[in-house]
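Asker: Can you read through this structure? Questions will come right after.
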Amino acid sequence: MNQRLYIIVIVLLLLVCGYLGYKLSQKQDVIVQQVETIENVEESRDQLQMELEELMMSYDTLQTDNSMLQAELDAQKMEIEDLLKKVKNSNYSVSKLRKEADTLREIMKGYVATIDSLNTLNQDLMAENEGMKQAVSNVQGENEELSKRQQNMEKIIATGQILQAINVASGAVNLKSSGKQADTERANRAEMIKTCFTVIENKIAKGGPKNLYLRIIDPKGKVLEAKEGSASGNFDGESGNYSIKREIDYNNTETDVCIFYTVQAELSKGDYKVYLYEDGTRIAATDFSLK
């Protein structure tokens, strides 16, 4: 009786041990699976963290001069930084975080396309701007050339409008008691200096009053003084005195003119030079001598 009891107890113990062993084996499998799951999750977190860091670097490489677009890029980078913090926190689901990371990656692709388009557009605009600058430069060059031509034409016209004199002759005159004039070569008998010339026809000159000036230079190189005293003007670009001025009414046709200078003091013997000017431009010259 006692022997059967022992056998039954042993059998029961064996059954219990077998059951406990089976349960222990199941627990070990569960633990192994949980360890593998934890390792997979950690590996996934590490992988996701690396991907997020690479994504951050990709966002850092995106450069744009568009302030609004740059603000959006900065906002996306802040979201990536926030995801990196969550990845390191085991309370957040890796799968959910990955979905958010994938969304940011897709958004970045859109930004890349937008920035590429803007860069292409900027390059086109820069090229167009360079073309416009060149066109403006060409127009400015043409305008400068036209301006130079116009200035040259104006100079030519201005030069062409100046009167020209021919057949210039000058000499001393003595007045007879009868009032007649007699040419003389005697310095002590010269009372006037007569200068005659012909102003030729000029169709482009402006008709009307014209001022003609005589500068009579004595043998010592001094300008004979005008009747009214020292009279100055601009001649050949320099200031100087003149001997006499006469105004003529020019009607663009050939005109004979004589100008008489009244001697203010006894003249010296020697060679005299006579220069005829219209305003400040010399238009003729001659000379004469007195004994």
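Asker: Out of all the residues in segment 201-220, which are part of a strand (DSSP E or B) and exposed (fewer than 15 other Cβ atoms within 10 Å of the Cβ)?
Answerer: As a first pass, look at segment 201-220 and keep what is part of a strand (DSSP E or B): 208-217.
208, 209, 211, listed by residue number.
Asker: Now for a different question. For segment 205-254, give me each residue that is among the hydrophobic types (A, V, I, L, M, F, W, C) and either modelled with pLDDT under 90 or within 22 Å of residue 167 (Cα to Cα) (or both).
Answerer: Step one: of segment 205-254, the residues among the hydrophobic types (A, V, I, L, M, F, W, C) are 205, 212, 214, 216-217, 223-224, 226, 231, 235, 244, 248.
Of everything in segment 205-254, those that are among the hydrophobic types (A, V, I, L, M, F, W, C) and either modelled with pLDDT under 90 or within 22 Å of residue 167 (Cα to Cα) (or both) turn out to be 205, 212, 214, 216, 217, 226, 231, 235, 244, 248.
Asker: Continuing with this model, one more query. Cβ contacts < 9 Å: first residue in the same structural domain as residue 106 (by TED's automatic domain parsing), restricted to segment 54-65; second residue small (Gly, Ala, Ser) and in a helix (DSSP H, G or I), any location; separation 6+ or different chain. Result?
Answerer: Within 9 Å, the pairs are 55/101.
Asker: What is the number of the single condition among (1) surrounded by 12 or more Cβ atoms within 10 Å (Cβ to Cβ); (2) under 52 Å from the mean Cα position of the chain (by Cα) that residue 237 does not meet?
Answerer: Among (1) surrounded by 12 or more Cβ atoms within 10 Å (Cβ to Cβ); (2) under 52 Å from the mean Cα position of the chain (by Cα), the lone unmet condition for residue 237 is (1).
Asker: Follow-up. Identify, please: which residue in segment 176-200 is in a loop (DSSP other than H, G, I, E, B) and polar (S, T, N, Q) and is, among those, surrounded by the fewest Cβ atoms within 10 Å (Cβ to Cβ)? Step through it out loud before you land on a result.
Answerer: Restricting attention to segment 176-200, the residues satisfying the condition of being in a loop (DSSP other than H, G, I, E, B) are 176-180, 185-186, 190-191, 200.
So of that shortlist, the ones also polar (S, T, N, Q) come out as 177-178.
Numbers: 177: 5, 178: 7.
Filtering first and then ranking leaves 177.
Asker: Right, here's the next one. Considering each of 73, 104 in turn, give the residue that is in contact (Cβ under 8 Å) with a residue 40 or more places away in the chain, buried (at least 16 other Cβ atoms within 10 Å of the Cβ) and among the aliphatic types (A, V, I, L, M). Can you show your working first?
Answerer: On the way: 73 fails: in contact (Cβ under 8 Å) with a residue 40 or more places away in the chain.
Just a single option satisfies the conditions, and that option is 104.
Asker: Ok, one more. Which condition from (1) at pLDDT below 90; (2) within 20 Å of residue 197 (Cα to Cα) is the one that residue 257 breaks?
Answerer: Every listed condition holds for residue 257 apart from (1).
Asker: Just to confirm my filter: which strands (runs of 3 or more DSSP E) fall fully inside segment 221-291 and include at least 2 residues that are farther than 26 Å from residue 202 by Cβ? Break it down into steps so the answer makes sense when it comes.
Answerer: Numbers: elements: 232-235, 238-241, 244-250, 255-262, 270-278, 281-290.
Once the strands (runs of 3 or more DSSP E) in segment 221-291 are filtered for at least 2 residues that are farther than 26 Å from residue 202 by Cβ, what remains is 238-241, 270-278, 281-290.
The values are calculated or read from the model by the stated rules, or taken from the named source; none is laboratory data. All values derive from a computational prediction rather than experimental measurement. Because the Cβ atoms are built from the backbone with ideal geometry, glycine has one as well, and the counts that use them run over all protein chains shown.
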